[in-house]
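K.L.:
Sending over a structure as structure tokens; questions will come in a sec.
The values are calculated or read from the model by the stated rules, or taken from the named source; none is laboratory data. Note that the structure is a prediction, hence the values are computed from the model and not measured. Using ideal geometry, Cβ is built from the backbone for each residue, glycine included, and neighbour counts are taken over all protein chains shown. Note: accessible area is taken over every heavy atom of the protein model, side chains too, but ligands, DNA and RNA are not part of it. Shrake-Rupley method; radii C 1.70, N 1.55, O 1.52, S 1.80 Å.
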Amino acid sequence: MESQCQSPPALDIPPVMQLLHTNRVPTDVQKRAIINLIQVQEAMRSDVELEREELLRGLERTSQTLVEVSDMISDLQATLSPIKRMPDEILALIFEHSLPVRSPNEPFTVLSPSRNFAPIRPGLVCSSWRRIAHASPRLWCNVD
């Protein structure tokens, strides 16, 4: 098997291109050729700009679709969260155990380090946690 190396096709370079980056003055014929070449290049530039704008619009649509699909994936994954299957009574107990522990002899002395916890905080997570927190009297019996 013979490997045939083909040379790249010869570029069709107009003779006026030899004038680029020189100080030579073009002839009248070369001037007309240059003007024609400028018009061809401007038409090509216009076509490329239109194609670019179309590609950018397509990219914007694709980016928006990607955001929407990613949001849908996140929403779907959130519905599978194990915390959603936890009974309300267990969540209420977790909320209660998150309260600061008070000394039985001195009710205004907090023994645990969770001073920032307030009964209202679980209710800031979502509406179902708010419902559970509001329905748990033990969370509210020692509100400062």
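K.L.:
Regarding Ile90, is this residue farther than 30 Å from Ile120 by Cα and either of a type in the set (Val, Ile, Thr) or in contact with a helix residue (DSSP H, G or I) (Cβ under 7 Å, 6 or more places away or on another chain) (or both)? Lay out the reasoning, then the answer.
P.N.:
On the way: farther than 30 Å from Ile120 by Cα: no; either of a type in the set (Val, Ile, Thr) or in contact with a helix residue (DSSP H, G or I) (Cβ under 7 Å, 6 or more places away or on another chain) (or both): yes.
Considered against the rule, which asks whether it is farther than 30 Å from Ile120 by Cα and either of a type in the set (Val, Ile, Thr) or in contact with a helix residue (DSSP H, G or I) (Cβ under 7 Å, 6 or more places away or on another chain) (or both), Ile90 comes out as no.
K.L.:
Follow-up. Being at negative phi, of a type outside the set (Asp, Glu), loosely packed, with under 12 Cβ neighbours inside 10 Å and not in a helix (DSSP H, G or I) is the filter here; which residues of segment 12-59 pass it?
P.N.:
Within segment 12-59, Ile13, Leu20, Thr22, Asn23, Arg24, Val25, Thr27 meet the criteria.
K.L.:
Filtering segment 62-119 down to residues that are open to solvent by 90 Å² or more (accessible area, probe 1.4 Å) and touching a strand residue (DSSP E or B) at 6+ places or on another chain (Cβ under 8 Å), which residue is modelled with the highest pLDDT?
P.N.:
Across segment 62-119, the extreme among qualifying residues is Phe108.
K.L.:
Continuing with the same structure: List, please: which pairs have Cβ atoms under 7 Å, are six or more places apart or on different chains, and start with a residue in segment 72-100 that is within 19 Å of Trp140 (Cβ to Cβ) and in contact (Cβ under 8 Å) with a residue 24 or more places away in the chain and end with one that is charged (D, E, K, R) and surrounded by 10 or more Cβ atoms within 10 Å (Cβ to Cβ)?
P.N.:
Final answer for the pair search is Glu96/Arg138.
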